[in-house]
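Undergrad: Submitted below is the structure of interest, expressed as structure tokens.
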2 protein chains.
Amino acid sequence: MKGYRNVLLTTDFTEHEEPVAEKAADLAALYQAELSICHAVNSLPITESVYGPIIPYDGDLTAQLVFAAKRKLLDMGALYGVPEQRQWVVVGSPKTEILGLAEEKATDLIVVGSHGRHGLGVLLGSTATSLLNHARCDVLAVRLTNADV
Amino acid sequence: MKGYRNVLLTTDFTEHEEPVAEKAADLAALYQAELSICHAVNSLPITESVYGPIIPYDGDLTAQLVFAAKRKLLDMGALYGVPEQRQWVVVGSPKTEILGLAEEKATDLIVVGSHGRHGLGVLLGSTATSLLNHARCDVLAVRLTNADV
């Protein structure tokens with residue numbers, strides 16, 4: 001059986017995401033795969049406007065977000081048995097950074113929470129859709145319930 | 001562990017889809033879930049044009065496609081241990097019909113091949129994306145390789 005070896009769970013740390021992490025952990029256990037977890041801190045300045053950056057890059061804020069994300073990943077890692085060396089905080093465009101990490105780590109399955117195309121999801125786009133459309137590996141989109149976005 | 005109980009594999013019968021079926025079958029076996037397979041025959045006439053239907057509904061052609069699809073599902077079912085009562089041919093809009101079937105059968109995971117957003121996929125859209133955006137259950141998109149669309 002050609003199963004999964006490297007499973008990458010992406011997390012937003014939202015309150016509805018627990019089932020996503022649980023499913024990723026269960027799946028990794030069943031396949032005897034290594035589970036990694038990552039969080040993307042979106043800190044890209046908007047530079048496409050002819051008026052220059054609308055939201056400038058804020059180094060201090062980004063550092064704080066990265067610090068907070070690392071702490072949360074530590075908690076999550078303890079809960080799901082993922083050691084620190086497989087916990088990743090990436091900074092930049094979530095799609096680009098997560099896909100880059102996935103390729104670097106030879107990920108064969110990305111697990112991501114999915115909001116579907118309703119509520120704010122329609123306007124903001126969805127990380128799940130974006131990953132699905134561009135990943136070179138499989139993507140498991142876990143439906144989030146009780147979430148409006 | 002709250003795993004998957006009803007896995008629905010959607011198939012297009014394209015030559016690159018074997019890994020999709022294999023992964024669905026492996027996953028169903030690991031979770032001790034029931035595997036079902038379905039194929040959607042897209043036979044909706046295009047009725048939105050102000051000039052009337054552009055591609056009229058062809059009952060004979062549809063019947064032939066359904067017949068051919070049922071035979072192919074029988075072969076696939078034999079290969080992956082899916083009995084005839086869990087083989088489904090749906091007719092209409094693939095997204096709507098597959099999602100309707102998934103809800104009717106209490107599917108908790110849809111497995112679908114994914115072409116990504118390159119080649120013709122960009123123009124035609126992707127069943128995987130469409131299912132991901134609208135399914136009420138989890139969706140596993142298996143990356144198709146060696147496929148241009």
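Undergrad: Is it the case that B:Val7 is at pLDDT 95 or above, among the β-branched types (Val, Ile, Thr) and within 14 Å of the chain's Cα centre (by Cα)? Let's see the steps before the verdict.
TA: On the way: at pLDDT 95 or above: yes; among the β-branched types (Val, Ile, Thr): yes; within 14 Å of the chain's Cα centre (by Cα): yes.
The answer is yes for B:Val7.
Undergrad: Something else: For the subset of the stretch B:114-133 comprising residues that are open to solvent by less than 10 Å² (accessible area, probe 1.4 Å) and not in a helix (DSSP H, G or I), which member is modelled with the lowest pLDDT?
TA: Within the stretch B:114-133, the match that is modelled with the lowest pLDDT is B:Gly116.
Undergrad: A further question follows. Any idea how many residues of the stretch A:1-31 are part of a loop (DSSP other than H, G, I, E, B) and in contact with a strand residue (DSSP E or B) (Cβ under 8 Å, 6 or more places away or on another chain)? Before you say what the answer is, go through the steps one by one.
TA: Just the residues of the stretch A:1-31 that are part of a loop (DSSP other than H, G, I, E, B), to begin with: A:1-5, A:11-14.
With in contact with a strand residue (DSSP E or B) (Cβ under 8 Å, 6 or more places away or on another chain) added as a condition, the list becomes A:4-5, A:11-14.
Of the residues in the stretch A:1-31, 6 are part of a loop (DSSP other than H, G, I, E, B) and in contact with a strand residue (DSSP E or B) (Cβ under 8 Å, 6 or more places away or on another chain).
Undergrad: Test A:Ala106 against the stated conditions and say whether it is under 22 Å from A:Ala25 (Cα atoms) and either at the interface with another protein chain (Cβ under 7 Å from one of its Cβ atoms) or modelled with pLDDT under 75 (or both).
TA: Details: under 22 Å from A:Ala25 (Cα atoms): yes; either at the interface with another protein chain (Cβ under 7 Å from one of its Cβ atoms) or modelled with pLDDT under 75 (or both): no.
So A:Ala106 does not fit the description; no.
Undergrad: Oh, and also: Only residues that are at the interface with chain B (Cβ under 10 Å from one of its Cβ atoms), closer than 16 Å to A:His115 by Cβ and buried (at least 18 other Cβ atoms within 10 Å of the Cβ): list them for the stretch A:11-32, please. So that I can check it myself, show each step before the final result.
TA: Going residue by residue through the stretch A:11-32, those that are at the interface with chain B (Cβ under 10 Å from one of its Cβ atoms) are A:19-20, A:22-23, A:25-27, A:29-31.
Narrowing the set further to residues that are closer than 16 Å to A:His115 by Cβ leaves A:19-20, A:23.
The answer is A:Val20, A:Lys23.
Let's see how each residue does on (1) among the basic types (Lys, Arg); (2) under 16 Å from the mean Cα position of the chain (by Cα); (3) modelled with pLDDT under 95:
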| residue | (1), (2), (3) |
| --- | --- |
| A:Ser49 | no, no, yes |
| A:Lys70 | yes, yes, no |
| A:Gln87 | no, yes, no |
| A:Pro94 | no, yes, yes |
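Residue by residue, here is whether (1) open to solvent by 40 Å² or more (accessible area, probe 1.4 Å); (2) without any contact (Cβ under 8 Å) to a residue 12 or more places away in the chain; (3) among the basic types (Lys, Arg); (4) not in a helix (DSSP H, G or I) holds:
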{"position": "A:Leu65", "(1), (2), (3), (4)": "yes, no, no, no"}
{"position": "A:Asp75", "(1), (2), (3), (4)": "yes, yes, no, no"}
{"position": "A:Leu79", "(1), (2), (3), (4)": "yes, no, no, no"}
{"position": "A:Val90", "(1), (2), (3), (4)": "no, no, no, yes"}
{"position": "A:Gly100", "(1), (2), (3), (4)": "no, yes, no, no"}
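The values are calculated or read from the model by the stated rules, or taken from the named source; none is laboratory data. Values in this document were obtained by computation on a predicted structure and should not be read as measured data. With ideal geometry, Cβ positions are generated from the backbone for all residues, glycine too; neighbour counts draw on all protein chains shown. The accessibility values were calculated without ligands, DNA or RNA, using every heavy atom of the protein model including side chains. Shrake-Rupley method; radii C 1.70, N 1.55, O 1.52, S 1.80 Å.
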